[in-house]
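Engineer: The structure under discussion is supplied below as structure tokens; questions concerning it will follow.
The values are calculated or read from the model by the stated rules, or taken from the named source; none is laboratory data. Please read all numbers here as calculations on a predicted model, not as lab measurements. Counting neighbours? That spans all protein chains shown, and the Cβs are built from the backbone with ideal geometry, glycine included.
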């Protein structure tokens, strides 16, 4: 009986070794594939031009949903816990829902960039076009924020004292991967355009000009 159990365990270990080996081969194959640009992909799949605006709406809805969830959780945590424990709940909520927010914003950035390429419109001088908006969105939020506040790295984010409300413990996070921010203290967040508008008191049009001039 013991010999049979030992043989089964050895067979399982062999299976896992082969499984890991197969995964490594698959990853090497994927890494060897040529990386197509957005324009090349749109040339291959022109029907995507119809789908992209629909996907943008889907991810915008998902992003707003996640932000709403974060705000509701923060309000509940602040209401039920002592002020000195608020920082703890901010970190928990950031870990639980922050990744979903980053993922949705990353998809939106990619899709909006593809939409700009798909439309391929020549802008009028000084006009606020989709292409100019996308150009503004590529400006580094870290560079803009670093001029006004001290930032330190915290895992996948940069953290600092929020410029939009008074606080002693930093709750303002910049997600470098998708060029966005979120404050778990005052619940303000968004992209670099939102940041500049809030910081400088600008209109949307003024913020685009500010970032692309």
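Engineer: All but one of (1) buried (at least 16 other Cβ atoms within 10 Å of the Cβ); (2) assigned to a helix (DSSP H, G or I) hold for residue 205; which doesn't?
Structural biologist: (1)
Engineer: Could you please find all residues in segment 56-85 being surrounded by fewer than 18 Cβ atoms within 10 Å (Cβ to Cβ) and touching a helix residue (DSSP H, G or I) at 6+ places or on another chain (Cβ under 7 Å)?
Structural biologist: Quick first cut of segment 56-85, residues surrounded by fewer than 18 Cβ atoms within 10 Å (Cβ to Cβ) only: 56-58, 60-62, 64-65, 68-69, 71-73, 75-85.
Across segment 56-85, the qualifying residues are 56, 60, 62, 69, 73, 77, 78, 81.
Engineer: Does residue 91 satisfy the condition of being in contact with a helix residue (DSSP H, G or I) (Cβ under 7 Å, 6 or more places away or on another chain), farther than 23 Å from residue 132 by Cα and modelled with pLDDT of 65 or more?
Structural biologist: Numbers: in contact with a helix residue (DSSP H, G or I) (Cβ under 7 Å, 6 or more places away or on another chain): no; farther than 23 Å from residue 132 by Cα: yes; modelled with pLDDT of 65 or more: yes.
No: the conditions fail for residue 91.
Engineer: Go through segment 68-109 residue by residue and tally those that are under 28 Å from residue 49 (Cα atoms) and touching a residue at least 12 places away in the same chain (Cβ under 8 Å).
Structural biologist: Qualifying residue count, segment 68-109: 9.
Engineer: Same structure, new question: Only one residue in 73, 122 is at pLDDT 85 or above, farther than 28 Å from residue 200 by Cβ and out of contact with any strand residue (DSSP E or B) (no Cβ under 8 Å at 6 or more places or on another chain). Which one?
Structural biologist: Working: 122 fails: at pLDDT 85 or above.
Exactly one of 73, 122 is at pLDDT 85 or above, farther than 28 Å from residue 200 by Cβ and out of contact with any strand residue (DSSP E or B) (no Cβ under 8 Å at 6 or more places or on another chain), namely 73.
Engineer: May I ask you to say which residue of 136, 131, 118 is touching a residue at least 24 places away in the same chain (Cβ under 8 Å), assigned to a helix (DSSP H, G or I) and under 18 Å from residue 208 (Cα atoms)? Outline the logic, then answer.
Structural biologist: Details: 131 fails: touching a residue at least 24 places away in the same chain (Cβ under 8 Å); 118 fails: under 18 Å from residue 208 (Cα atoms).
Of 136, 131, 118, the one residue that is touching a residue at least 24 places away in the same chain (Cβ under 8 Å), assigned to a helix (DSSP H, G or I) and under 18 Å from residue 208 (Cα atoms) is 136.
Engineer: Would you please name the residue that is farthest from the chain's Cα centre (by Cα), looking only at residues in segment 174-198 that are without any contact (Cβ under 8 Å) to a residue 60 or more places away in the chain, under 17 Å from residue 60 (Cα atoms) and not in a helix (DSSP H, G or I)?
Structural biologist: Pass one, segment 174-198, residues without any contact (Cβ under 8 Å) to a residue 60 or more places away in the chain: 174, 176, 181, 183, 186, 188, 190, 192, 194-198.
From the residues that got through so far, the ones that are under 17 Å from residue 60 (Cα atoms) too are 181, 188, 190, 192, 194.
Filter again for not in a helix (DSSP H, G or I), leaving 181, 188, 190.
Working: 181: 9, 188: 15, 190: 10 Å.
Selected residue: 188.
Engineer: Among the residues of segment 136-149 satisfying the criterion of being under 17 Å from residue 110 (Cα atoms) and loosely packed, with under 15 Cβ neighbours inside 10 Å, which is modelled with the lowest pLDDT?
Structural biologist: Among residues in segment 136-149 that are under 17 Å from residue 110 (Cα atoms) and loosely packed, with under 15 Cβ neighbours inside 10 Å, the one modelled with the lowest pLDDT is 138.
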